[in-house]
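Shown next, in structure tokens, is the structure this report addresses.
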Amino acid sequence: QVQLVESGGGLVQAGGSLRLSCAASGRTFSIYAMGWFRQAPGKEREFVAAISWSGGSTYYSDSVKGRFTISRDNAKNTVYLQMNSLKPEETAVYYCAAAPPGATMSRRPEYDYWGQGTQVTVSS
């Protein structure tokens, strides 16, 4: 069992930066791949970024590649999402999620555990 709690959301101007954190409980955190998804009002929840259990592999959606960076610290049971050059259309609730070993990390159904989300609002 893994419980996830996101933090770090807030209001930022277009072009600004935010760093989201996701703290996990449970002794098995280090075996899970971790992902970030986001959901804007009236839209489907979409994949943003993911990182393998070791941190050795990362994956990004095309829309955030080069601007967002996902990382993890297994000693602290925490995964991060550094978001730079934010755009107004990236206003959404951002969720972190945990997927078991072998999962296809860009696929939402592969994730077993989800946090409650943190709101990110980018003003123009």
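The values are calculated or read from the model by the stated rules, or taken from the named source; none is laboratory data. Every value quoted in this text rests on a predicted model; they were computed, and no experiment measured them. Note that we place each Cβ from the backbone using ideal geometry, even for glycine, and neighbour counts take in every protein chain shown. Just the protein is used for accessible areas: all its heavy atoms, side chains included, with ligands, DNA and RNA removed. Shrake-Rupley method; radii C 1.70, N 1.55, O 1.52, S 1.80 Å.
A few points about this structure:
- Residue check for Tyr60: under 15 Å from Leu20 (Cβ atoms) and either open to solvent by less than 60 Å² (accessible area, probe 1.4 Å) or in contact (Cβ under 8 Å) with a residue 60 or more places away in the chain (or both): yes
- Region 67-81, subset among the aliphatic types (A, V, I, L, M) and under 10 Å from Arg19 (Cα atoms), residue farthest from the chain's Cα centre (by Cα): Ile70
- Of all residues in region 81-110, those that are of a type in the set (Val, Ile, Thr) and surrounded by 15 or more Cβ atoms within 10 Å (Cβ to Cβ) total 2.
- Evaluation of Ser124 against the conditions (1) out of contact with any Pro (no Cβ under 7 Å at 6 or more places or on another chain); (2) open to solvent by 60 Å² or more (accessible area, probe 1.4 Å); (3) farther than 15 Å from Val2 by Cα shows that the sole unmet condition is (1).
- Screening Met34, Met83 for residues that are under 12 Å from Val120 (Cβ atoms) and in contact (Cβ under 8 Å) with a residue 12 or more places away in the chain leaves exactly one candidate, Met83.
- Scanning region 1-25 for residues that are buried (at least 17 other Cβ atoms within 10 Å of the Cβ) and farther than 15 Å from Thr69 by Cβ gives Val2, Leu4, Glu6, Gly9, Val12, Ala24.
- Odd one out for Arg72, checked against (1) modelled with pLDDT of 95 or more; (2) more than 17 Å from Gly9 (Cβ to Cβ); (3) not in a strand (DSSP E or B): (3)
- Among residues of region 35-80, those that are in contact with an Asp or Glu (Cβ under 9 Å, 6 or more places away or on another chain), among the aliphatic types (A, V, I, L, M) and more than 15 Å from Met105 (Cα to Cα), counted: 2
- Within region 26-44, tally of residues that are part of a loop (DSSP other than H, G, I, E, B), open to solvent by less than 60 Å² (accessible area, probe 1.4 Å) and under 27 Å from Glu89 (Cα atoms): 1
- All positions within region 8-50 that are charged (D, E, K, R) and either at positive phi or modelled with pLDDT of 95 or more (or both): Arg19, Arg38, Lys43, Glu44, Arg45, Glu46
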